[in-house]
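Q: Could you have a look at this structure, given as C-alpha cells, before my questions?
The values are calculated or read from the model by the stated rules, or taken from the named source; none is laboratory data. In this text the structure is predicted, and so the values were computed from the model without any measurement. No Cβ is skipped: glycine too gets one built from the backbone with ideal geometry, and neighbour counts run over all protein chains shown. Protein only, heavy atoms only, side chains kept; ligands, DNA and RNA dropped before computing areas. Shrake-Rupley method; radii C 1.70, N 1.55, O 1.52, S 1.80 Å.
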Amino acid sequence: MQNQRDSHKDIKDLFSDPRIPRQIDVTKAVMEKIQSQKERFFVKYKVSLLVAIGILASVTSAYAAVEYLQLKNEQGEVIYQEKDATQAPNTTIQAPDLAMLALMQRESEIEEQMEPGTAAAVYVKENNPKKSVRTIAKPFEFAKLEDLQNKIGTQFAIPAALPDGFAFTSSSVEYEVKRDYDKEELYKLAEATDQDYVQKPQEWSDQLSHIVVNYAAGEDTIRVAITNIEGVQDNTVYYVNQDERKTEKVVVDQKEAIYSEQPMRESTYKSIVWVTEDTGKKLEYRISTNSSKWNADAAKIWMKAFLTAK
C-alpha cells in the first residue's frame, strides 16, 4: 500500500503468486492460530487481522449473505463497513504452498532481526520465483507512555490507564516508508553474495501509518490499534461466517461505532471500531480483546476514554 489508496492492496499482492489455488476453507481453528501467532504480520501489511481472514475466506458457504453494518460521516459518506466474505469482490484464494510459506517465514525472521524503527527493501533468493522485493518495516517500540507521546506529538492523546485496572504496557508506531530502491540493483547484489537475502535501508516518511497500544490487567490484555485510512477506498472488512458474529451499532458522544463478538474455540474475540476525521486525518480506531471483563458497556467506556483523552 505504497500511497495507502487501497486497504487491501498489499495483502492481495502478497497472495498473487500463481502457485496459490483459488479457494480456501478457513476454519475457526485456523482463525485462532492466525489471531494468536500472526497478528503482527497483518499489521505490517496495513490491514486488520479479520480483513485478511476475510480476503482468505471461502466463497462456497451455503448460507445466505446477511445484512451488513455501516458507519457514515456527517456528510453521509460510508467510512467503514462490514460484510460477509461471500460478498467479497473477485474470488478468494487458497492457503499458500510450502514454498510461499517458507518465503513468508524468512521475511518474518528478517524483520525480527531488524532494529526497531528501521525499514528496508528486502530480496530473498530462495522460494521466490517471481523475484519479489518486499519492504519490511520494524515499528518503533515504546515501553513508556511518555516516550510514545513524545514520538506521536499532541495529535493523539493516549490514556495511561483505563477501567477495570487496565494499564499501559507497551506500544509501537509505524510510518509509511518512502520505498526508494531499484529491484535490479538488489538482484545484482544478490548475485554477488552467498547470503540468502540482500537488503537496502529505506527511510520513513512523515506520514503516520499505524499506532498500536497495549494494556493489561493481570493476565487479561487489550489492544488498541489506530490506523491512518486517509485516501483508502472502500474501507470494508469481510468476515467469515458473518452470521455467527454478534454485532450492534452503538453511539458514544454522538459518534457511531460497531461493537462485535466473535466466538472462538476457547474464548470470544470482542472489538469496537469507529472512525474519526476531526484531526485532519481519517483515522480508524479498533479496540480488541478476549477478556471476560469486556462487554458492550465496557467497550463504550473505553471508546469514550479515547474520544475525550487530552
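Q: Among the residues of the stretch 218-238, write down those that are of a type in the set (Gly, Ala, Ser) and part of a strand (DSSP E or B).
A: From the stretch 218-238, those of a type in the set (Gly, Ala, Ser) are 218, 225, 231; that's our starting set.
The one that is of a type in the set (Gly, Ala, Ser) and part of a strand (DSSP E or B): 225.
Q: Of these, 107, 126, 112, 146, which one is in contact with a strand residue (DSSP E or B) (Cβ under 9 Å, 6 or more places away or on another chain), open to solvent by 40 Å² or more (accessible area, probe 1.4 Å), of a type in the set (Asp, Glu) and under 29 Å from residue 171 (Cβ atoms)?
A: Details: 107 fails: open to solvent by 40 Å² or more (accessible area, probe 1.4 Å); 126 fails: under 29 Å from residue 171 (Cβ atoms); 146 fails: in contact with a strand residue (DSSP E or B) (Cβ under 9 Å, 6 or more places away or on another chain).
Of the residues listed, the single one that is in contact with a strand residue (DSSP E or B) (Cβ under 9 Å, 6 or more places away or on another chain), open to solvent by 40 Å² or more (accessible area, probe 1.4 Å), of a type in the set (Asp, Glu) and under 29 Å from residue 171 (Cβ atoms) is 112.
Q: Would you be able to say whether some residue in the stretch 69-77 is assigned to a loop (DSSP other than H, G, I, E, B), in contact with a helix residue (DSSP H, G or I) (Cβ under 9 Å, 6 or more places away or on another chain), open to solvent by 40 Å² or more (accessible area, probe 1.4 Å) and touching a residue at least 40 places away in the same chain (Cβ under 8 Å)?
A: Of the stretch 69-77, the ones assigned to a loop (DSSP other than H, G, I, E, B) are 69, 73-77.
Then drop every residue that is not in contact with a helix residue (DSSP H, G or I) (Cβ under 9 Å, 6 or more places away or on another chain), which leaves none.
There is no residue in the stretch 69-77 that is assigned to a loop (DSSP other than H, G, I, E, B), in contact with a helix residue (DSSP H, G or I) (Cβ under 9 Å, 6 or more places away or on another chain), open to solvent by 40 Å² or more (accessible area, probe 1.4 Å) and touching a residue at least 40 places away in the same chain (Cβ under 8 Å).
Condition check ((1) within 29 Å of residue 208 (Cα to Cα); (2) touching a residue at least 40 places away in the same chain (Cβ under 8 Å)) across all residues:
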{"site": "111", "(1), (2)": "yes, yes"}
{"site": "114", "(1), (2)": "yes, no"}
{"site": "127", "(1), (2)": "no, no"}
{"site": "135", "(1), (2)": "yes, yes"}
{"site": "140", "(1), (2)": "yes, no"}
{"site": "146", "(1), (2)": "yes, no"}
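Q: While we're looking at this one, here's another question. Residue by residue through the stretch 263-310, note down the ones that are without any contact (Cβ under 8 Å) to a residue 40 or more places away in the chain and either part of a helix (DSSP H, G or I) or surrounded by 21 or more Cβ atoms within 10 Å (Cβ to Cβ) (or both).
A: Hits for the stretch 263-310 are 270, 271, 272, 297.
Q: Working carefully through the options 197, 175, 187, find the one that is within 20 Å of the chain's Cα centre (by Cα) and more than 22 Å from residue 303 (Cβ to Cβ).
A: Values: 197 fails: within 20 Å of the chain's Cα centre (by Cα); 187 fails: within 20 Å of the chain's Cα centre (by Cα).
Being within 20 Å of the chain's Cα centre (by Cα) and more than 22 Å from residue 303 (Cβ to Cβ) holds for just one of 197, 175, 187, which is 175.
Q: Now for a separate question. Would you list the strands (runs of 3 or more DSSP E) that sit entirely within the stretch 118-211 and hold 2 or more residues that are among the basic types (Lys, Arg)? Working first, answer last.
A: On the way: elements: 118-124, 133-138, 140-142, 166-177, 197-202.
Ranges flagged: 133-138.
Q: I'm checking my understanding of the structure. Among residues of the stretch 235-257 that are among the acidic types (Asp, Glu) and touching a strand residue (DSSP E or B) at 6+ places or on another chain (Cβ under 8 Å), which one is surrounded by the most Cβ atoms within 10 Å (Cβ to Cβ)?
A: Pass one, the stretch 235-257, residues among the acidic types (Asp, Glu): 243-244, 248, 253, 256.
When the remaining residues are screened for being touching a strand residue (DSSP E or B) at 6+ places or on another chain (Cβ under 8 Å), the result is 243-244, 248, 256.
Details: 243: 12, 244: 13, 248: 11, 256: 17.
For the stretch 235-257, the residue satisfying everything is 256.
Q: Let me ask something additional. Take the residues in the stretch 211-232 that are within 12 Å of the chain's Cα centre (by Cα) and more than 23 Å from residue 77 (Cβ to Cβ), then tell me which one is most open to solvent (accessible area, probe 1.4 Å). Break it down into steps so the answer makes sense when it comes.
A: First, pick out the residues of the stretch 211-232 that are within 12 Å of the chain's Cα centre (by Cα): 211-212, 223-229.
Imposing the further condition that a residue be more than 23 Å from residue 77 (Cβ to Cβ) reduces the set to 211-212, 223-224.
Numbers: 211: 0, 212: 13, 223: 46, 224: 0 Å².
The qualifying residue most open to solvent (accessible area, probe 1.4 Å) is 223.
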